[in-house]
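Asker: Before I ask anything, here is the structure I am working with.
Each value in this text was obtained by applying a stated rule to the coordinates, not by laboratory testing. A quick note: this is a predicted structure, and the numbers were derived from the prediction, not measured. Cβ atoms come from the backbone with ideal geometry, glycine included; neighbour counts cover every protein chain shown.
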Amino acid sequence: MNTILVTGATGKVGGHVVSSLAAKGVPVRALVRDPDRAALPHGVEAVTGDLTAPETLEAALRGVRGVFLMWPGLPVEPKTVEAVAGPDRHVVYLSTDVTDLADGEPATSYHQEIERLIRRSGAEWTFLRAIDFATNTLGWAGQIRQGVVRLPYGGAARSLIHERDIADVAVEALTSEGHGGSAYLLTGPEAITHTDQVRIVGEAIGREVRWEELPVETARRQLTEAWGDSGFVDARLKAWAGFVDVPERVTDTVPRLLGRPARTFRSWARDHADDFR
């Protein structure tokens with residue numbers, strides 16, 4: 001059976017990919033910075049490597065047929081993508097909701113740039129375009145512990161996806177035929193408002209938590225101080241405003257590929273209740 005290399009192997013998505021592949025008896029190799037500190041399932045091979053340093057990847061890629069690729073949000077290193085996306089490999093790349101780029105068209109995100117590099121590589125590829133992760137609501141944990149989340153656009157309806165569903169789709173793509181050349185848009189099963197997300201998390205932890213509308217300009221200042229990127233903050237606020245009038249898209253990709261419903265936000269909140277306590 002061909003070995004599969006998992007990057008981001010100790011992260012929220014990659015960790016589930018590793019454990020699911022190992023449970024299926026698939027030979028798994030985990031790319032990590034420090035094998036001695038990586039908590040991995042029994043039988044998983046830990047190999048040292050750094051995606052920003054392509055010269056460190058030779059041993060990790062030796063004999064590998066499939067790769068689950070996550071990019072750490074750093075500047076794109078084309079030589080790394082070239083090394084990972086060999087002509088005899090299937091690369092499953094965790095991307096986001098981006099459009100395909102034509103040759104010569106400038107990329108608006110590193111995800112588009114990496115997708116284009118993979119397409120050009122000659123490797124078989126599958127792109128998992130996750131709209132947004134439910135785990136991003138962990139950023140509210142401090143406020144939830146205080147009982148009130150203060151942000152604008154409580155009526156913004158989001159179709160957040162459970163990280164385990166992303167991992168399950170990745171495993172399906174890596175271990176079965178028919179996914180090459182596909183770009184899958186992944187969402188949760190329904191669009192839920194920010195206000196309802198906060199209420200649901202409160203129910204999961206057994207206490208009342210409420211949403212309080214914050215003036216947009218106040219939020220812009222606070223988020224810019226916290227995130228350090230005013231352009232990203234403006235884009236987030238604009239998107240949230242749009243989701244008040246038009247809820248975020250919901251797709252049937254997860255049930256279509258996995259033959260079961262996508263996990264709900266309520267199930268995600270129960271799974272992560274301890275993270276909010």
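Asker: Please build a GNM for the chain, connecting alpha carbons under 10 Å apart, and tell me which residue among 74, 21, 31 fluctuates the most.
Answerer: 74
Asker: Here's a follow-up. Pull up all non-local amide H partners of residue 151: gap of 5 or more, or a different chain, and H-to-H distance under 5 Å with H placed in the peptide plane.
Answerer: Residues meeting the criterion, in which the H sits 1.01 Å from N, are 212, 214.
Asker: So for the range 34-106, averaging the separation of alpha carbon pairs under 8 Å that are six or more residues apart and normalising by length, what relative contact order in percent results?
Answerer: 26 percent
Asker: Which loop trypsin sites (Lys or Arg not before Pro) in the range 49-106, with loop taken from DSSP, have no more than 11 other Cβ atoms within 10 angstrom of their Cβ?
Answerer: Passing sites in the range 49-106 are 62.
Asker: Pick out, from 209, 223, 250, the residue whose Cα sits farthest towards the positive end of the charge dipole of the range 188-259, with +1 on the Cβ of Lys and Arg and -1 on the Cβ of Asp and Glu.
Answerer: Going by the Cα projections, it comes out as 250.
Asker: Let me ask another. Could you tell me what a quarter of the Cα convex hull surface of the range 1-67 works out to, in nm² with one decimal place?
Answerer: 4.2 nm²
Asker: Let me ask something else. Which value, in debye to the nearest 20, describes the size of the charge dipole of the chain about its Cα centre when Lys and Arg Cβ atoms bear +1, Asp and Glu Cβ atoms bear -1, and nothing else is charged?
Answerer: That gives a dipole near 600 debye.
Asker: By how many degrees, 0 to 90 and rounded to 10, does the Cα axis of helix 216-227 deviate from the longest principal axis of the chain?
Answerer: So the inclination is approximately 40 degrees.
Asker: Sticking with this structure for a sec: Please grab the % of Cα pairs in the chain that end up more than 32 Å from each other.
Answerer: 28 percent
Asker: Say the dipole of the chain comes from +1 at the beta carbon of Lys and Arg and -1 at that of Asp and Glu; which of 51, 259, 185 then lies farthest toward its positive end?
Answerer: In the chain, that residue is 259.
Asker: Same structure, new question: Would you work out which of 10, 25, 64 lies farthest towards the positive end of the dipole of the range 1-75? Charges go on Cβ: Lys and Arg +1, Asp and Glu -1.
Answerer: Sorting the options by dipole projection puts first 25.
Asker: Taking 0.36 nm per residue of separation and subtracting the Cα-Cα distance, what length does fully extending residue 190 through residue 88 add?
Answerer: Answer, rounded to one decimal: 33.0 nm.
Asker: Which one of 240, 227, 71 has the biggest mean-square fluctuation once the chain is modelled by GNM with Cα springs under 10 Å?
Answerer: Between 240, 227, 71, it is 227 that shows the largest mean-square fluctuation.
Asker: Still on this structure, please answer the following. Give me the percent relative contact order of the chain, please, defined on Cα pairs under 8 angstrom at least 6 residues apart.
Answerer: On the way: 529 pairs, mean separation 46.9, N = 277.
So the answer I get is 17 percent.
Asker: Dividing the convex hull volume of the alpha carbon atoms of the range 1-126 by its residue count, what do you get in Å³ per residue?
Answerer: Cα convex hull per residue, to the nearest whole number: 105 Å³.
Asker: Moving on. Angle check, please: helix 194-205 long axis (alpha carbons) against the longest principal axis of the chain (alpha carbons), in degrees 0 to 90, nearest 10.
Answerer: The answer is roughly 80 degrees.
Asker: Debye calculation, C-alpha points only, no solvent: report log10 I(q)/I(0) for the range 28-75 at q = 0.26, 0.27, 0.28, 0.29 Å⁻¹, in the same order as the q values.
Answerer: Here log10 of I(q) over I(0) equals -1.14, -1.21, -1.26, -1.30.
Asker: Assigning unit charges at the beta carbon (Lys, Arg +1; Asp, Glu -1) and nothing else, what dipole magnitude in debye, to the nearest 20, does the range 1-150 show about its Cα centre?
Answerer: Details: 15 positive and 17 negative charges, 114 e Å.
In debye, rounded to 20, the range 1-150 gives about 540.
Asker: Further question on the same structure: Size of the dipole of the range 106-149 about the Cα centre, Lys and Arg at +1 and Asp and Glu at -1 on the beta carbon, nothing else charged, in debye to 20?
Answerer: Dipole size: approximately 20 debye.
Asker: By how many nm would the segment from residue 141 to residue 50 lengthen if fully extended, with 0.36 nm per residue of separation less the alpha-carbon distance?
Answerer: Extra length available between residue 141 and residue 50 comes to 29.7 nm.
Asker: Once the Cα atoms of helix 163-175 and of the chain are each reduced to a long axis, what angle between those two axes, in degrees from 0 to 90 to the nearest 10, is obtained?
Answerer: Tilt relative to the chain: about 20 degrees.
Asker: What percent antiparallel are the DSSP beta bridges of the chain, to the nearest 5?
Answerer: Around 5 percent of the beta bridges assigned by DSSP in the chain are antiparallel ones.
Asker: If you don't mind, another one. How high is the relative contact order of the range 174-277? Use alpha-carbon pairs under 8 Å, at least six apart in sequence, and give a whole percent.
Answerer: 45 percent
Asker: According to the square roots a ≥ b ≥ c of the eigenvalues of the Cα gyration tensor, what is the shape class of the range 130-225, taking rounded for a/c under 1.5, prolate for a/b larger than b/c otherwise, and oblate for the remainder?
Answerer: Prolate shape, in that a/c is at least 1.5 and a/b is the bigger ratio.
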